[in-house]
Amino acid sequence: MKYILLISAICVLGACAKFPSGLSANNNEVKSQPSKVSFTLRNASDSSIPLLIPGVMNPNLSPNSDSGVTLKIGQEILFRKNLKTRVLLVVDESIEQGSVVVISQIYADAVADLE
């Protein structure tokens, strides 16, 4: 009896090691969300746009240019105006892989809201 319990416990622990989240091998319903998304920041304006992407880079988007980025979901893209730092965009699931975000329009709207 002791051996049967010991063998049962080893089998259960072995199954847990293979599926640490508690999922079975037949559970196909769970889809993993991408933790990062690759997309393009487009500056369609005639002036530079200085951005701050904490922990990643501080790009200065040239006029009429595109810049490819790969950022984590939840990453903030910031800008500075009147000595204050503000959130311009937060990367979320609505930004699709390979999409183009016209950051110049978002920037113009954000600056207009400050005035």
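The values are calculated or read from the model by the stated rules, or taken from the named source; none is laboratory data. Not measured: the values here are computed from a predicted model. Glycine also receives a Cβ, built like all others from the backbone with ideal geometry; neighbour counts cover every protein chain displayed.
Here is a list: 81, 72. Which entry is under 18 Å from the mean Cα position of the chain (by Cα) and of a type in the set (Lys, Arg)?
Details: 81 fails: under 18 Å from the mean Cα position of the chain (by Cα).
Within the list 81, 72, the selection yields 72.
One line per residue, one yes/no per condition, for (1) closer than 21 Å to residue 97 by Cβ; (2) touching a helix residue (DSSP H, G or I) at 6+ places or on another chain (Cβ under 8 Å); (3) not small (Gly, Ala, Ser):
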residue: 51; (1), (2), (3): yes, yes, yes
residue: 61; (1), (2), (3): yes, yes, yes
residue: 66; (1), (2), (3): yes, no, yes
residue: 79; (1), (2), (3): no, yes, yes
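Out of all the residues in region 87-111, which are part of a strand (DSSP E or B) and either in contact (Cβ under 8 Å) with a residue 60 or more places away in the chain or surrounded by 15 or more Cβ atoms within 10 Å (Cβ to Cβ) (or both)?
88, 89, 100, 101, 102, listed by residue number.
Exactly one condition in (1) at pLDDT 95 or above; (2) over 27 Å from residue 115 (Cα atoms); (3) basic (Lys, Arg) is not met by residue 42; state its number.
(2)
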